[in-house]
Amino acid sequence: TQLLEQSPQFLSIQEGENLTVYCNSSSVFSSLQWYRQEPGEGPVLLVTVVTGGEVKKLKRLTFQFGDARKDSSLHITAAQPGDTGLYLCAGWGGNMLTFGGGTRLMVKP
Amino acid sequence: EPEVTQTPSHQVTQMGQEVILRCVPISNHLYFYWYRQILGQKVEFLVSFYNNEISEKSEIFDDQFSVERPDGSNFTLKIRSTKLEDSAMYFCASSERLLNTEAFFGQGTRLTVV
């Protein structure tokens, strides 16, 4: 069974601060994805990273895939209240997409 | 924009009853999935389905669960005899291909077993 561990589980910060969320595994994944989930809704894809060492930017969000393709990070610069939500990492392996436990982010104005 | 739709949005059932959760995946997608999320916990994989067959299933997906694509558009999850611990949000998802691709999720069905 492939497991993904996310840290931290909860994060409460002030508007304008930077933060990093980590996603780690002992398994190699063919790709890692980051999703965002709003209350009462399904996860929505933010980004897919495929190549070891890959870095992708989405406005103030920077995603990195570890060189060994076992871990990933999400960095948010100058967080805003609109960034509040549940961030999930997920990895493709076998015939399934496996999710981490999620990081619940709250950005206070 | 194409989307995955799930019905009903909320289902309350008595313990021991059978429930069928319904999903309409995106029309040109070939791979279908069911996940569940117990309140406050992680999104857990149940099953993946391709070419009218289960391609992968988790330990959670025991003999009480079954999936079907009855008519080429719907994708259903049946729980034969519900238990209290089956109470969760159930998400259907679909993707165009397997691996390294976006999985599109529905809004979920909240199942409450009483």
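Numbers below:
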| item | result |
| --- | --- |
| Qualifying positions in segment B:32-52 - farther than 24 Å from residue A:6 by Cα and either facing another protein chain (nearest Cβ under 8 Å) or not in a strand (DSSP E or B) (or both) | B:50, B:51, B:52 |
| The listed residue being under 15 Å from residue B:79 (Cα atoms) and either out of contact with any Cys (no Cβ under 8 Å at 6 or more places or on another chain) or without any contact (Cβ under 8 Å) to a residue 40 or more places away in the chain (or both), out of B:14, B:41 | B:14 |
| Among (1) among the acidic types (Asp, Glu); (2) at pLDDT 95 or above; (3) surrounded by fewer than 18 Cβ atoms within 10 Å (Cβ to Cβ), the one test that residue B:96 misses | (2) |
| Filter result (more than 14 Å from chain A (Cβ to nearest Cβ), surrounded by fewer than 21 Cβ atoms within 10 Å (Cβ to Cβ) and either of a type in the set (Ser, Thr, Tyr) or in a strand (DSSP E or B) (or both)) within segment B:55-93 | B:65, B:66, B:68, B:73, B:76, B:78, B:79, B:81, B:87 |
| Strands (runs of 3 or more DSSP E) fully within segment A:53-108 counting 2 or more residues that are away from chain B (no Cβ under 14 Å) and in contact with a Cys (Cβ under 9 Å, 6 or more places away or on another chain) | A:71-76 |
| Whichever residue in segment B:1-19 is in contact with a Lys or Arg (Cβ under 6 Å, 6 or more places away or on another chain) and surrounded by fewer than 12 Cβ atoms within 10 Å (Cβ to Cβ) and, among such residues, is nearest to the other protein chains (Cβ to nearest Cβ) | B:10 |
| Hey, residue A:94 closer than 21 Å to residue B:3 by Cα and small (Gly, Ala, Ser) or not | no |
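The values are calculated or read from the model by the stated rules, or taken from the named source; none is laboratory data. For clarity, every value in this text was computed on a predicted model and none was experimentally measured. For neighbour counting, all protein chains shown are included, and Cβ atoms are generated from backbone atoms with ideal geometry for every residue, glycine included.
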